[in-house]
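Asker: Sharing a structure below in structure tokens format, with a few things to ask.
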Ligand code: GTP
């Protein structure tokens, strides 16, 4: 997996967003800390960055900043040196990078890796950096192809890989290549971002560099890539890691059809599959079906319940015969017997849905 390791590199990790699209999961926990394939999401990114030669990472924090240092401390456990730079008020992606850069130790000509804290990527980070250095670029953007680019920053390039425009979330994309959320900046370029102001790299810094004629490169590849910003993408990321579609040094067990964390109790008469994670001490009773889902610690899925492509929060309960597909159940919530929830439903933490009075013809 680790094709091109480089020595002693510094990185900035953007983790200050509120993760609104992932509510209610992000009401108490920042998106980058949500348990994903058994560990906080960022563990996968940290382990991969480390494997590519990154030694020091500055976290750009804002929303629930203290939770990051509580989770990762000084980084020793990952063989990394971690620093935390917090914005009192969120400064946007560009302002955050500028603020975090105060804690960098590298020189003005050195490359700095910048990672969005909500991306799973299998691309060769070392090769992206090597390309940046070899071409003497100001900025090198990792690009990936998606079917529907309209939700992302659309990034056309010329035959030499030079980025010709940066079109953030445009309704008529000119290419399927999008900004994949992993950048290499030459350090001195970060220092040109205005300090202490709200700045968006996507809307201001990138288009500005292109307009000024700076060498902005695209590093396009077709490796595994996922933005885990929505609940459906979040469960997909977790199951892809468990199934081994993306190799992660941080996976706390072997890859396989499911991952059961310590103390999980799964009835031999239950069916658990599709890269599901069963949280620590969680219980899955006989006749229950759990497919491609993330079950939090201490939750219970009672007999005959069906949980597919869903997230069930810590200590939540899914009662007999309930059916969840593409549903998020917040921590401590209860889905009473027989409820069949529509795809996209979100049950807020602690809410109790009583037994369903509706019976489906197949149950009668
Ligand atoms: P949504 O609210 O669901 O759009 O999620 P988000 O807040 O994480 O926003 P988005 O996905 O656009 O952010 C991309 C990355 O930048 C994520 O890793 C965010 O944590 C991070 N980020 C966004 N805004 C800020 C900010 O103002 N400060 C810092 N430090 N990080 C930010």
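Derivation of every value follows stated rules applied to the coordinates shown; laboratory data play no part. Keep in mind that what you see is a predicted model, and the values were worked out from it rather than measured. When we count neighbours, we look across all protein chains shown, and the Cβ atoms used for this are built from the backbone with ideal geometry, even at glycine.
Asker: Using only DSSP helix segments of four residues or longer, with each worth -39500 (n - 2.57), what per-residue ellipticity at 222 nm results for the chain after dividing by its residue count and rounding to 500?
Answerer: Details: 7 runs with 61 residues, N = 364.
Result for the chain: -4500 deg cm²/dmol, rounded to the nearest 500.
Asker: Something else now. If you take the beta carbon distance between residue 280 and residue 88 as r and set R0 to 41 Å, what does 1/(1 + (r/R0)^6) give as a FRET efficiency, to the nearest 0.05?
Answerer: 0.70
Asker: If you restrict to DSSP beta bridges whose two residues both lie in segment 8-157, what percentage is antiparallel, to the nearest 5?
Answerer: Numbers: 2 of 19 bridges.
Approximately 10 percent, going by the DSSP bridge assignments.
Asker: Using the alpha carbon gyration tensor of segment 287-347, what are the three equivalent-ellipsoid semi-axes (square root of 5 times each eigenvalue), largest first, in whole Å?
Answerer: Equivalent ellipsoid of segment 287-347: 13, 13, 11 Å, largest first.
Asker: Among 186, 192, 20, what is the fewest-to-most ranking by other Cβ atoms within 10 Å?
Answerer: 20, 192, 186
Asker: If you don't mind, another one. Roughly what % of DSSP beta bridges within segment 127-237 run antiparallel, to the nearest 5?
Answerer: Percentage antiparallel, nearest 5: 70.
Asker: Rounded to the nearest 10 degrees, what's the angle between the helix 41-51 long axis and the longest principal axis of the chain, both from Cα atoms, 0 to 90?
Answerer: So the inclination is approximately 40 degrees.
Asker: Now for a different question. Report the convex hull volume per residue for segment 257-360, counting only C-alpha atoms, in Å³.
Answerer: 70
Asker: May I ask for the angle, rounded to the nearest 10°, between helix 231-243 and the longest principal axis of the chain, with both axes built from Cα atoms and the value confined to 0 to 90°?
Answerer: 90
Asker: Then there is this: Projected area of segment 61-171, taken from the Cα convex hull and averaged over every viewing direction, in nm²?
Answerer: The directionally averaged projection comes out at 9.1 nm².
Asker: Looking at segment 1-70, I'd like the Rg to Rh ratio, where Rg is from alpha-carbon atoms and Rh is Kirkwood's inverse mean 1/r.
Answerer: Looking at segment 1-70, the ratio lands at 1.02.
Asker: Can you give the relative contact order of segment 285-360 as a percent, counting alpha carbon pairs under 8 Å and 6+ residues apart?
Answerer: On the way: 232 pairs, mean separation 17.2, N = 76.
Relative contact order for segment 285-360 comes out at 23 percent.
Asker: In degrees, nearest 10, range 0 to 90: what is the angle between the Cα axis of helix 125-135 and the longest Cα principal axis of the chain?
Answerer: 20
Asker: OK, next. Taking every pair of alpha-carbon atoms in the chain, what share in percent sits in each 10 Å bin, from 0 to the bin with the longest distance?
Answerer: Taking every Cα pair in the chain, the percentages come to 5, 24, 30, 22, 12, 5, 1, 0.
Asker: Please express the shape of segment 110-248 as an equivalent ellipsoid: the semi-axes are the square roots of 5 times the eigenvalues of the C-alpha gyration tensor, given largest first in whole angstrom.
Answerer: Result for segment 110-248: semi-axes of 25, 17, 15 Å.
Asker: Ok, one more. Starting from the 7 Å offset along Cα-to-Cβ, what nm value, one decimal, do you get for the label separation of residue 200 and residue 222?
Answerer: 3.2
Asker: Over segment 9-227, what is the mean sequence separation of C-alpha contacts under 8 Å (at least six apart), divided by residue count, expressed as relative contact order in percent?
Answerer: Once normalised by length, the contact order is 23 percent.
Asker: Quick one: Cα centre-to-centre distance for segment 259-318 and segment 56-130, in angstrom?
Answerer: Value for the Cα centre distance between the two parts: 34 Å.
Asker: For the chain, give the share of DSSP beta bridges that are antiparallel, in percent and rounded to the nearest 5; count only bridges with both residues there.
Answerer: Close to 30 percent.
Asker: Consider just the alpha-carbon atoms of segment 11-134 and return their Rg together with their Dmax, both in angstrom.
Answerer: 14.1, 44
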